[in-house]
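Notes for the one structure printed next.
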Amino acid sequence: SVNLMAVIGATFGAVTASGTINDNDPMPTMSVSNVSVVEGDAGMTNALVTVTLSGISATDTVIDWATAGGTATDGLDFAGAAGSLTIAAGSTTATISIPVNGEMLYEDDESFAVNLSSLNTANATSSGTVTITNDDAKPALTVNSVNVDEGGVATITVSLDAAAGKDIVISYAAVDGTAISPDDYTLAAGSLTIPAGSTTATLVVNAAQDTLFEGVETYSVNFTSADTSNTAASTASIQIDVTDPMPQVSISDPVAVTEGGVPSLVFTVSLDTASGVPVTLDF
């Protein structure tokens, strides 16, 4: 502004005039850093997120921010929040502190977003990612061996030594022994899931029923998972116990032959029922 304050030889008309200097410097752009933080076993650890301007501004820059859940859950894995920050004139950075919850459950690395918005920057919005790094060991996998009667149901329990913070997927496949699939049992390869927070799941296998005496038979089931500390197969042994009676053996009198005759004496040895295994007899 230019103000006229004293005049000699004239009278005042307009005594104030304003001049405008148009700014030809572009607004700075804002960006937010991607950061990783180890979750820890207890309490809270702060994730420090840096907000940066591409250049210095002559005025304070006000930026609104808010967290948004991703694979990490607000209230469980981190303390979601929202607010605003000011990058002072002449400065280019400011920091947001977001608490991350510690826990002792094995899980995948998880993440959430920090979203920015501002009317004082060239870009109206920007977003960064906070990754919570898992530091807990994988649980160990164990399985039990079972006995089942022929025609019964074998229930195999698959256990973890500690609950996990994610679903644990376990693959399984049967291996024939003296018991053969599908004649003696029925199980296709597949997978089962132990839900997050749980430590057990069960696999049910049907033993086939027949009428042949077969004796005790066995087979095994191998369990594997990339999300357990023991990645080699854990094996359950299944024994199918006998329920069918043993067949009864008998021998019949042969037809008499004349002494010196050509026909032999033929003794017939018989089972009252067929057997599922060979029957060996001494005489």
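The values are calculated or read from the model by the stated rules, or taken from the named source; none is laboratory data. Computed from a prediction, not measured in an experiment: that's the story for all the values here. A quick note on method: Cβ atoms are made from the backbone with ideal geometry, for glycine too, and the neighbour counts reach across all protein chains shown. Ligands, DNA and RNA are stripped out before the accessible areas are found, and what is left, the full protein with its side chains, is counted by its heavy atoms. Shrake-Rupley method; radii C 1.70, N 1.55, O 1.52, S 1.80 Å.
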Which of the residues spanning region 202-238 are under 16 Å from residue 153 (Cβ atoms) and buried (at least 17 other Cβ atoms within 10 Å of the Cβ)? 203, 205, 207, 217, 219, 221, 236, 238
From the set of residues in region 163-180 that are among the small types (Gly, Ala, Ser) and under 14 Å from the mean Cα position of the chain (by Cα), which is most open to solvent (accessible area, probe 1.4 Å)? 171
Say whether the condition of being under 19 Å from residue 28 (Cα atoms), among the hydrophobic types (A, V, I, L, M, F, W, C), touching a Ser or Thr at 6+ places or on another chain (Cβ under 6 Å) and at pLDDT below 95 is met by at least one residue in region 93-116. no
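Could you run through region 39-88 and say how many residues are among the hydrophobic types (A, V, I, L, M, F, W, C) and surrounded by 14 or more Cβ atoms within 10 Å (Cβ to Cβ)?
Taking region 39-88 first, the residues among the hydrophobic types (A, V, I, L, M, F, W, C) are 42, 44, 47-49, 51, 53, 56, 58, 62-63, 65-66, 68, 72, 76, 78-79, 81-82, 85, 87-88.
If we keep only those that are surrounded by 14 or more Cβ atoms within 10 Å (Cβ to Cβ) too, we end up with 44, 47, 49, 51, 53, 63, 65-66, 72, 78-79, 81, 85, 87.
Residues meeting the conditions: 14.
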Which condition number in (1) touching a residue at least 40 places away in the same chain (Cβ under 8 Å); (2) within 28 Å of residue 214 (Cβ to Cβ); (3) surrounded by fewer than 18 Cβ atoms within 10 Å (Cβ to Cβ) is the one that residue 183 fails? (1)
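When only residues in region 119-134 that are in a loop (DSSP other than H, G, I, E, B) and open to solvent by less than 70 Å² (accessible area, probe 1.4 Å) count, which is nearest to residue 40 (Cα to Cα)? Quick ask: steps written out before the conclusion?
In the first step, residues of region 119-134 are kept if they are in a loop (DSSP other than H, G, I, E, B); the result is 119-124, 134.
Cutting the leftovers down to open to solvent by less than 70 Å² (accessible area, probe 1.4 Å) gives us 120-124, 134.
Working: 120: 37, 121: 36, 122: 38, 123: 35, 124: 35, 134: 8 Å.
By that ranking, first place goes to 134.
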What are the pairs, 6+ residues apart or on separate chains, where a residue within region 193-207 that is over 16 Å from residue 142 (Cα atoms) and at pLDDT 95 or above has its Cβ under 6 Å from a residue that is assigned to a strand (DSSP E or B) and open to solvent by less than 50 Å² (accessible area, probe 1.4 Å)? none
Members of region 208-234 that are charged (D, E, K, R) and either in a strand (DSSP E or B) or without any contact (Cβ under 8 Å) to a residue 40 or more places away in the chain (or both): 217
What number of residues within region 70-118 satisfy the criterion of being in a strand (DSSP E or B), more than 18 Å from residue 59 (Cα to Cα) and of a type outside the set (Val, Ile, Thr)? 14
Scanning region 181-192 for residues that are at pLDDT below 90 and either among the charged types (D, E, K, R) or under 19 Å from the mean Cα position of the chain (by Cα) (or both) gives 183, 184
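With respect to residue 278, is the statement that it is free of Cβ contacts under 8 Å to residues at least 60 places away in the same chain, more than 19 Å from residue 145 (Cβ to Cβ), part of a loop (DSSP other than H, G, I, E, B) and touching a strand residue (DSSP E or B) at 6+ places or on another chain (Cβ under 8 Å) true?
Details: free of Cβ contacts under 8 Å to residues at least 60 places away in the same chain: yes; more than 19 Å from residue 145 (Cβ to Cβ): yes; part of a loop (DSSP other than H, G, I, E, B): yes; touching a strand residue (DSSP E or B) at 6+ places or on another chain (Cβ under 8 Å): no.
The answer is no for residue 278.
Condition first: among the aliphatic types (A, V, I, L, M), over 13 Å from residue 96 (Cα atoms) and in contact with a strand residue (DSSP E or B) (Cβ under 8 Å, 6 or more places away or on another chain). Now tell me which residues in region 21-61 satisfy that. Explain how you work it out, then say what you get.
At the first step, the residues of region 21-61 found to be among the aliphatic types (A, V, I, L, M) are 21, 27, 30, 32, 35, 37-38, 42, 44, 47-49, 51, 53, 56, 58.
Cutting the leftovers down to over 13 Å from residue 96 (Cα atoms) gives us 21, 27, 30, 37-38, 42, 44, 53, 56, 58.
Residues satisfying the conditions are 30, 37, 38, 44, 53.
Report, by residue number, each residue of region 135-162 that is open to solvent by 40 Å² or more (accessible area, probe 1.4 Å) and either in a loop (DSSP other than H, G, I, E, B) or at positive phi (or both). Don't jump to the end; show me each part of the working.
The first filter runs over region 135-162 and keeps only residues open to solvent by 40 Å² or more (accessible area, probe 1.4 Å), leaving 135, 137-138, 142, 144-145, 147, 149, 151, 153, 155, 157, 161-162.
Answer for region 135-162, where residues must be open to solvent by 40 Å² or more (accessible area, probe 1.4 Å) and either in a loop (DSSP other than H, G, I, E, B) or at positive phi (or both): 135, 137, 138, 144, 145, 151, 161, 162.
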